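Peer 1: Questions regarding the structure given below will be posed in turn.
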Amino acid sequence: MDQSSRQESSSASPGTRAAAFSVHIFTALGAGIALLALLEAVREHWAAMFWWLGVALVIDALDGPIARRLDVARLQPNWSGDVLDLVVDFVTYVFVPAYAITASGLLLPTTAALLGVGIATSGALYFADRRMKSADNHFRGFPGLWNLAAFYLFLLHPSPALSSLGVVVLIVATFLPFHVLHPMRVVRLRWLTLLLIAVWAMLAVATLANDFDVGIPVKIALCGIAAYVVASDAAIRLLRSTKA
């Protein structure tokens, strides 16, 4: 921390600095939520686990805008919000879902532990990759969203062999140079993206409320929105290249 940062921080009122630090506490709360999700996973209460992971997802969506509005980086320069966010994201997006995928019986028993290690290892490497986001705020490669991968495995419940193959594909895709839409930060077609994310959230809530016992139309809609997030950038680039 340089001298100017110290002076700017010390000149702020105690209340202002306390409010800024409360945002860090709010972010760190996500790690506690991850523990609650893990406890539910150990009991095989899978829907309850996803409810808690959903709460962590809401915290992750809110803490950044609040931190920027309160100028937390300037008022609390001794604490790295970026590092804190990555730590919490790893346990909520990767570690707890890795346990759920591994322990739920969704994978081939002979591969489950190895694939769980692969999820945790590839996720850790992804969060340390300085190239994880492109200049236009797309994710580079599969963005370590194993909470969502787990959600779709529980939703679709494919055969253990197909589930295991899917996990392998996503582990490899973590390191491939394709772009995945960031639902909140990509400007292009943001109105459509936000609308679809709102629909997805409502359908996901209904799915968890029914313990994944939902009809084919709900599953198709959830998969269609996932396909939009994953493939929309590639589709747009392909259309542009054909018109050029």
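Peer 1: Full extension from R43 to K219: what is 0.36 nm times the residue separation minus their Cα-Cα distance, to one decimal in nm? Mind dumping the intermediate values first?
Peer 2: Values: separation 176, 0.36 × 176 = 63.36 nm, distance 2.56 nm.
Full extension of this stretch gives 60.8 nm more.
Peer 1: Normalise the Debye intensity by I(0) for the chain, one equal point scatterer per Cα, no solvent, then take log10 at q = 0.08, 0.11, 0.12 Å⁻¹ and round to two decimals.
Peer 2: The Debye formula, applied to the Cα set alone, gives -0.35, -0.64, -0.76.
Peer 1: May I pose another question? Assign unit charges at the C-beta atoms only (+1 for Lys and Arg, -1 for Asp and Glu), then state the dipole size of the stretch 1-114 relative to its Cα centre in Debye, rounded to the nearest 20.
Peer 2: Dipole magnitude for the stretch 1-114 comes out near 200 debye.
Peer 1: Per residue, what volume in Å³ does the convex hull of the Cα atoms of the stretch 23-119 enclose?
Peer 2: On the way: hull volume 8.1 nm³, N = 97.
Dividing the Cα hull volume of the stretch 23-119 by its residue count gives 83 Å³.
Peer 1: Testing the spin-label approximation: label points 7 Å from Cα along Cα→Cβ at T110 and A31. State their distance in nm.
Peer 2: Taking the simple label geometry, T110 and A31 are separated by 4.0 nm.
Peer 1: Among 118-130, 49-61, what's the highest-first ranking by average C-beta atoms within 10 angstrom per residue? Write out the running numbers ahead of the final one.
Peer 2: Numbers: 118-130: 16.7, 49-61: 19.9.
Averaged packing, sorted descending, gives the order 49-61, 118-130.
Peer 1: How much length is gained if the chain between V87 and A73 is pulled fully straight, taking 0.36 nm per residue apart and subtracting their Cα-Cα distance, in nm to one decimal? Before the final figure, lay out each step's value.
Peer 2: Details: separation 14, 0.36 × 14 = 5.04 nm, distance 1.71 nm.
Here the segment from V87 to A73 would lengthen by 3.3 nm.
Peer 1: Where does helix 216-243 land angle-wise versus the long Cα axis of the chain, in degrees 0 to 90, nearest 10?
Peer 2: 70 degrees
Peer 1: Please determine, in degrees from 0 to 90 and to the nearest 10, the orientation of helix 146-156 with respect to the longest principal axis defined by the Cα atoms of the chain, where the helix direction is its Cα long axis.
Peer 2: It works out to around 30 degrees.
Peer 1: Compare the Cα positions of V42, L53, A103 along the charge dipole of the stretch 7-114 (+1 at Cβ of Lys, Arg; -1 at Cβ of Asp, Glu; about the Cα centre) and return the one farthest towards the positive end.
Peer 2: So the residue furthest toward the plus end is L53.
Peer 1: Now for a separate question. Roughly to the nearest percent, how much of the accessible area of the chain is carbon and sulfur, given a 1.4 Å probe?
Peer 2: After summing per-atom areas, the C and S share lands at 70 percent.
Peer 1: At 1.4 Å probe size, with every protein chain present, just tell me what the per residue accessible area of the stretch 98-244 comes to in Å². Numbers along the way, then the final one.
Peer 2: Working: 7810 Å² over 147 residues.
With the other protein chains kept in place, the stretch 98-244 gives 53 Å² per residue.
Peer 1: Continuing with the same structure: Need one number for the stretch 8-61: average projected area of the convex hull over its C-alpha atoms, nm².
Peer 2: Numbers: hull surface 16.7 nm².
The orientation-averaged projected area of the Cα hull of the stretch 8-61 comes to 4.2 nm².
Peer 1: At 222 nm, what helix-only mean residue ellipticity would the chain give, in deg cm²/dmol to the nearest 500, using -39500 (n - 2.57) for each DSSP H run of four or more?
Peer 2: Values: 11 runs with 173 residues, N = 244.
Result for the chain, helices only: -23500 deg cm²/dmol.
Peer 1: Tell me the label-point distance for the pair W51, V172, using the 7 Å Cα-to-Cβ offset, in nm and rounded to one decimal.
Peer 2: 3.9 nm
Peer 1: Follow-up. Taking 0.36 nm per intervening residue step and subtracting the Cα-Cα distance, what contour gain separates S13 from A128 on full extension?
Peer 2: Numbers: separation 115, 0.36 × 115 = 41.40 nm, distance 3.49 nm.
Residue separation times 0.36 nm, minus the Cα-Cα distance, leaves 37.9 nm.
Peer 1: Another one. Can you give the angle from 0 to 90° between the axis of helix 14-42 and the longest principal axis of the chain, with both taken from C-alpha atoms, to the nearest 10?
Peer 2: 20 degrees
The values are calculated or read from the model by the stated rules, or taken from the named source; none is laboratory data. Given the structure is predicted, the values throughout are model-derived calculations rather than measurements. When we count neighbours, we look across all protein chains shown, and the Cβ atoms used for this are built from the backbone with ideal geometry, even at glycine. What goes into the accessible areas is simple: the full protein's heavy atoms, side chains included, and nothing from ligands, DNA or RNA. Shrake-Rupley method; radii C 1.70, N 1.55, O 1.52, S 1.80 Å.
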